[in-house]
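The structure appears below as structure tokens.
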Amino acid sequence: MIETVGLGRRFEGTVAVEDLNLSIKDGEAFAFLGPNGAGKTTTVRMLCCLIAPTTGTAYINKLDLRDAESQLKIRQSIGLLPENPGLYESLGAYRNLDFFARLYGVSAKDREKRITELLKTLNLWDRREEAVGKFSKGMKQKVAIARALVHEPEYIFLDEPTAALDPEAAKTVRDFLLELKKEGRTIFLNTHNLDEAQRVCDRIGVLRTRLLAVGTPDELASRFFGRATLFQLREVRPEHLQALRSMPNVLDVRQEDSSLIVQVSDPKHDNPAIVSRLVAMGAEVSYVEEVKRSLEDIYLKLVGGG
């Protein structure tokens, strides 16, 4: 489990992260969303024992990151993809991974097996001997992702893993992360890619120096927008809106073309009565469906962009 307790960091008086309280269960895939400068990278750097917190603390698998002995154990149990790849550009992809695997104490037999698996999965095997300095940004990013995983860590921290990748390579990485999730690895993902967060992660946290909200996309949508249902009619008449607005459990009604968007507290309980009321008034109901709020809607509402 990853747990933060009042975690905070200041840089020369500037608050980067403030009073962060968060729990991430083992085997969970969690995404941090937030604008540039929100404190996402600073949080990851603290959790990976690269910088010390100014206030509070955090625990990785019950190890307190303030304790020097625990810091070494935490570093051994995590894999980190930082903002910049940080590879040895004169070495090939294989030798880069072999070097870092040695640092983690991976045996020769396991190094060969693991490096081969990673390079083949990320479509880099045929270029394993080429100096990575000749690679594109996207290829370097994939080598760096492999480096974060070469010692098979329990906890994986990824800072914008698909930022430099083309759509095909980004899909390869996303599929790879989903496989890691199936293996029960704990994934902490910083990303600006909302679709990526929704596809890969179980829960989302929105950070802007302070944690603004955390939950599944559905939970956040319900919390900030309520639960709404679309009733598609052949024709919407003014009396339809008036009738629904007079119903006791209806919180809001609005018209969009030939549809009514109705917000109630409990759609499962309240929607049958709404359909009955409309049909009794002669309305022809084509279909009924839940209105889904996108992760973009939630994000923009929370960070003040909409």
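Number of residues in the stretch 31-49 that are of a type outside the set (Lys, Arg), more than 23 Å from GLY304 (Cβ to Cβ) and outside any loop (DSSP other than H, G, I, E, B): the value is 3.
For the stretch 245-267, a residue qualifies if it is of a type in the set (S, T, N, Q), closer than 30 Å to GLY205 by Cα and surrounded by 14 or more Cβ atoms within 10 Å (Cβ to Cβ), and exactly one does: GLN263.
Taking the numbered list (1) over 30 Å from VAL264 (Cα atoms); (2) surrounded by 21 or more Cβ atoms within 10 Å (Cβ to Cβ) in turn, ARG174 passes all entries but (2).
Evaluation of LEU91 against the conditions (1) closer than 24 Å to ILE204 by Cα; (2) touching a residue at least 40 places away in the same chain (Cβ under 8 Å) shows that the sole unmet condition is (1).
In contact with a His (Cβ under 6 Å, 6 or more places away or on another chain) and surrounded by fewer than 21 Cβ atoms within 10 Å (Cβ to Cβ): does that describe TYR59? No, not satisfied. For the stretch 181-192, the candidate set comprises residues that are in contact (Cβ under 8 Å) with a residue 24 or more places away in the chain and farther than 18 Å from THR43 by Cβ; within that set, the residue that is nearest to the chain's Cα centre (by Cα) is LYS181.
Could you tell me whether ARG147 is more than 25 Å from the chain's Cα centre (by Cα) and either within 30 Å of ILE24 (Cα to Cα) or not hydrophobic (A, V, I, L, M, F, W, C) (or both)? Criteria not met by ARG147. The one condition from (1) surrounded by fewer than 16 Cβ atoms within 10 Å (Cβ to Cβ); (2) free of Cβ contacts under 8 Å to residues at least 12 places away in the same chain; (3) closer than 20 Å to PRO153 by Cα that ASP67 does not meet is (3). Among all residues of the stretch 264-276, there is none that is touching a residue at least 60 places away in the same chain (Cβ under 8 Å) and of a type in the set (Lys, Arg). Whether a residue is on the phi < 0 side of the Ramachandran plot, in contact with a Ser or Thr (Cβ under 9 Å, 6 or more places away or on another chain) and at pLDDT below 90 was assessed, and VAL303 does not pass this test. Has the stretch 226-244 got any residue that is within 18 Å of GLU3 (Cα to Cα) and surrounded by fewer than 20 Cβ atoms within 10 Å (Cβ to Cβ)? No, the stretch 226-244 contains no residue that is within 18 Å of GLU3 (Cα to Cα) and surrounded by fewer than 20 Cβ atoms within 10 Å (Cβ to Cβ). Flag: THR42 does not match the condition of being β-branched (Val, Ile, Thr) and surrounded by fewer than 18 Cβ atoms within 10 Å (Cβ to Cβ). Within the stretch 272-300, the set of residues being modelled with pLDDT of 85 or more, small (Gly, Ala, Ser), assigned to a loop (DSSP other than H, G, I, E, B) and surrounded by 11 or more Cβ atoms within 10 Å (Cβ to Cβ) comprises ALA283 only. If you take the residues in the stretch 115-165 that are of a type in the set (Phe, Trp, Tyr) and in contact (Cβ under 8 Å) with a residue 40 or more places away in the chain, which one is farthest from TYR59 (Cα to Cα)? Applying the filter and picking the extreme gives PHE135.
Within the stretch 235-264, if we keep just the residues that are among the acidic types (Asp, Glu) and over 21 Å from PHE225 (Cβ atoms), the residue that is farthest from the chain's Cα centre (by Cα) turns out to be GLU239.
The values are calculated or read from the model by the stated rules, or taken from the named source; none is laboratory data. Given the structure is predicted, the values throughout are model-derived calculations rather than measurements. For neighbour counting, all protein chains shown are included, and Cβ atoms are generated from backbone atoms with ideal geometry for every residue, glycine included.
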